[in-house]
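Following: one structure in structure tokens, then a few remarks.
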Amino acid sequence: MKKNLFSFLFIALLAFTSCKNSAKGQNVVSEPVVNEIETPAEADELLAEADEALTEADEVRFLDLEEPDVDGKMHKLSEYVGQGQWVLIDFWASWCGPCRAEMPNVVAAYQKYHSKGFNIVGLSFDQNHEAWTQAIHDLQMPWIHLSDLKGWHSKAAEVYGVNSIPASLLVNPSGVIVAANLRGEALGQALAEIFGE
């Protein structure tokens, strides 16, 4: 049930250009999902369905997984999530153009709210360690990064049913998922509301 809900939410809320896993295992840039929505009523209906799914699921908790960090040391997601901080679980990859384009918004949110109790765990869909770590350095992403370097066959993809990136989950201090795929200004706005600004 939960895995199906995660898949539904990612499909329903990815309304921007993203990188997807093709049937041949290639990384492709998709057309925006929003192009498939022809009227405002259809968009409202899709969002209402997502909201209803969240309501029906009551409290949807994050799912734990274990992947190595940049130094090869294994870590569980539960070491960082559900431990009293607001956490953004960020699904991305160094080769994903839309992920890289979104990163300045994520970095800005981290810089502004980290000292107030906000953290990020990056779950990468990379396959090349050097490309992964170089992107972390180049994009100035100082938070926790985990990846098993298995691309679309990663543990993160398997556990969360993610087949399109960038994607993210905002998790409250108790480990409950409260929002998905906050992109652009939406992440900053959500955090401003959370931290009372």
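The values are calculated or read from the model by the stated rules, or taken from the named source; none is laboratory data. Note that the structure is predicted; figures quoted are calculated from it, not measured. Note that each Cβ is placed from the backbone with ideal geometry, even for glycine, and that neighbours are counted across all protein chains shown. Ligands, DNA and RNA are excluded from the accessible area calculation, which covers all protein heavy atoms including side chains. Shrake-Rupley method; radii C 1.70, N 1.55, O 1.52, S 1.80 Å.
In table form, for the structure just shown:
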{"item": "Residue, farthest from Val106 (Cα to Cα), within region 174-197, restricted to residues that are in contact (Cβ under 8 Å) with a residue 40 or more places away in the chain and open to solvent by 40 Å² or more (accessible area, probe 1.4 Å)", "result": "Ser174"}
{"item": "Residue, least open to solvent (accessible area, probe 1.4 Å), within region 72-89, restricted to residues that are assigned to a strand (DSSP E or B) and more than 15 Å from Leu169 (Cβ to Cβ)", "result": "His75"}
{"item": "Residue check, Ala108 farther than 30 Å from Glu193 by Cα, open to solvent by 10 Å² or more (accessible area, probe 1.4 Å) and among the small types (Gly, Ala, Ser)", "result": "no"}
{"item": "Residue, surrounded by the fewest Cβ atoms within 10 Å (Cβ to Cβ), within region 61-71, restricted to residues that are assigned to a loop (DSSP other than H, G, I, E, B) and of a type in the set (Asp, Glu)", "result": "Asp71"}
{"item": "Which numbered condition Arg61 fails, given (1) farther than 18 Å from Lys150 by Cα; (2) under 16 Å from the mean Cα position of the chain (by Cα); (3) modelled with pLDDT of 95 or more", "result": "(3)"}
{"item": "Top-ranked residue of region 90-105 - restricted to ones that are open to solvent by less than 50 Å² (accessible area, probe 1.4 Å) and of a type in the set (A, V, I, L, M), ranked as nearest to Lys150 (Cα to Cα)", "result": "Ala93"}
